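The values are calculated or read from the model by the stated rules, or taken from the named source; none is laboratory data. None of these values were measured; they are calculated from a predicted model. Cβ: placed from backbone, ideal geometry, glycine included. Neighbour counts: every protein chain shown. For the accessible areas, the whole protein counts, side chains as well, though only heavy atoms, and no ligand, DNA or RNA atoms are used. Shrake-Rupley method; radii C 1.70, N 1.55, O 1.52, S 1.80 Å.
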Amino acid sequence: MTTAVQTPAFAEGIQYFGELLPGFDTHGKTPVIAAGQTGIADANDPAAAFQTLLYADALRYLTLQICASKASGHPGGFASQAEVYASLVMLGHKNILTEVGHHAPGFYSAMFLDRSLEAMGIETVQQLRDKFREKDGLIGHLSGFI
């Protein structure tokens, strides 16, 4: 028996979907960051650890999607520290310094996940991919803009 899953609107533009990870039914169904909160309540909660790893996977996947969209960019630098970034976000930190050059694909992926790019009209993965490395969108190195 096949179960139909409705894809949320923000996921438009994602090219590949996999199976749910083992443990998702237990640790992934309920958000560990409660409505109105900015971070997890209990760092020792197994669901918090599971969802932090999901966040890191989402960062890596979006970073690769952005680079693939223009056959350009450096996914490695940001992707190699995705768990650190995800952990900081899940603990409630949002103002995390990075540089927009080589880390641009990851930086914009993180901004997409925290919904900051909605102010620019970027609400779907496809829009994120379309706007990457565009003069009126999400530039990479500032020197490329100049």
Notebook entry, point to check: Are there any pairs with C-beta distances below 8 angstrom linking a residue in the range 113-134 that is free of Cβ contacts under 8 Å to residues at least 40 places away in the same chain to a residue that is open to solvent by 60 Å² or more (accessible area, probe 1.4 Å) and among the polar types (S, T, N, Q), with the two at least 6 apart or on different chains, and if so which?
Noted result: 121/127
Margin query: Can you list residue pairs whose Cβ atoms sit under 6 Å apart, with the first residue in the range 37-48 being of a type in the set (Gly, Ala, Ser) and the second being surrounded by 11 or more Cβ atoms within 10 Å (Cβ to Cβ)? Count only pairs 6 or more apart in sequence or on different chains.
Written below: 39/91; 39/92; 47/27; 47/32; 48/32; 48/40
Next item on the list: Check off (1) without any contact (Cβ under 8 Å) to a residue 12 or more places away in the chain; (2) touching a His at 6+ places or on another chain (Cβ under 7 Å) for residue 102 and give me the number that stays unchecked.
Entry: (1)
Note to self: Name the single residue that is farthest from the chain's Cα centre (by Cα) among those in the range 56-71 being open to solvent by 30 Å² or more (accessible area, probe 1.4 Å) and not hydrophobic (A, V, I, L, M, F, W, C).
What the structure shows: 70
Next item on the list: Return a yes/no flag: does the range 9-28 have any residue that is of a type outside the set (A, V, I, L, M, F, W, C), within 19 Å of residue 107 (Cα to Cα), open to solvent by less than 100 Å² (accessible area, probe 1.4 Å) and not in a helix (DSSP H, G or I).
Entry: yes
Check: How many residues are among the aliphatic types (A, V, I, L, M) and under 9 Å from the mean Cα position of the chain (by Cα) when one looks only at the range 87-121?
Finding: 3
Next item on the list: Within the range 53-76, identify whether any single residue is of a type in the set (Ser, Thr, Tyr) and farther than 28 Å from residue 37 by Cβ, and answer yes or no.
Entry: yes
Notebook entry, point to check: Residue check: is residue 34 aliphatic (A, V, I, L, M) and open to solvent by 40 Å² or more (accessible area, probe 1.4 Å)?
Noted result: yes
Next item on the list: Could you give me the residue pairs with C-beta distances under 6 Å whose first residue belongs to the range 13-24 and is closer than 23 Å to residue 70 by Cα, whose second residue is hydrophobic (A, V, I, L, M, F, W, C) wherever it lies, and which are 6+ apart or on separate chains?
Entry: 13/125; 14/125
